[in-house]
Every structure is written in C-alpha cells, then in structure tokens.
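To keep things clear, I will list the structure first and then write my remarks on it.
The values are calculated or read from the model by the stated rules, or taken from the named source; none is laboratory data. On a predicted model such as this, the values are computed, not experimentally measured, just so you know. Positions of Cβ are backbone-derived with ideal geometry, glycine not excepted, and every protein chain shown enters the neighbour counts.
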Amino acid sequence: QVKLVETGGGLVQVGGSLRLSCAVSGRTLSSYTMGWFRQAPGKEREFVVAITRTSSTTRYADSVKGRFTISRDNAKNTVYLQMNNLKPEDTAVYYCAAVGTGLILARWDDYNYWGQGTQVTISS
C-alpha cells in the first residue's frame, strides 16, 4: 500500500513563495509518475503539474508555468513543489498523487494514490 503525506502548506501574501513536500512510503518512489493537483472551494480538482519516474519529463498547467517547479528525490522518496510569485487564485487544497506508470498524466482519475492534501492560502 502506498501512502502519500503532503506538508508545507500555509498562509502567505501575494508574491510570496511556498515549498510543498510529498513524502511517499510503502513503495519506492521511482516506480511512479507523480502529480500535484489542487482544489479550490466550490471548484473541481484541477491538474497543476506532473513529473515522470526519472524526472525526464514534466508537464505544467498553463496557469502555473514559470512560477511553479516540480522536482523529486527518489532516494528520499519525496516530491517537491516550489511555488513562487503566488497569486490569490492559487489558494486551494493541494494534493499529491501517484500512478504506477512511466507516462506523464494530467487527469486526476488516472492516478491511483492520493495524499490527504495541504491547504495553501494566498492573502492579498
């Protein structure tokens, strides 16, 4: 059984930065494509970014390109999401997800395993 635990959320001002972490246990991280999704109140869960097993490929939502950076450390079984120049519309619960494939996937229903989420709030 794969377990994902997100940390690093919080309250920051517009233009600030946060770094989210997703610790994976139960299986080796290198088996999975990893993604970050987010869900704002009253909205559907949306794709943010994904990264393949060896970090060879990443894919970003247009809304975060140039501001967010995903990375992974397979030795530490951890995935990171560096978020810079944060905007009020980035406010959401951020979820880490995993799927046992080498493909880059952007649909939430493609992912098998999910964390509990971490709240990110951007104040203006």
**Request:** Name every residue in the stretch 94-124 that is buried (at least 19 other Cβ atoms within 10 Å of the Cβ), not aromatic (Phe, Trp, Tyr) and not in a strand (DSSP E or B), in order of residue number.
**Result:** GLY115
**Odd one out for SER31, checked against (1) among the polar types (S, T, N, Q); (2) over 16 Å from VAL5 (Cα atoms); (3) in contact with a strand residue (DSSP E or B) (Cβ under 8 Å, 6 or more places away or on another chain)** = (3)
**Fill in**
Going through (1) under 21 Å from VAL24 (Cα atoms); (2) surrounded by 14 or more Cβ atoms within 10 Å (Cβ to Cβ); (3) at pLDDT 95 or above one by one, LEU86 fails only at (1)
**Asked** From the residues in the stretch 1-25 that are among the charged types (D, E, K, R) and in contact with a Ser or Thr (Cβ under 6 Å, 6 or more places away or on another chain), which one is surrounded by the fewest Cβ atoms within 10 Å (Cβ to Cβ)?
**Response** LYS3
**Item:** Residues of the stretch 26-55 that turn out to be part of a helix (DSSP H, G or I) and either exposed (fewer than 13 other Cβ atoms within 10 Å of the Cβ) or polar (S, T, N, Q) (or both), as a count
**Value:** 2
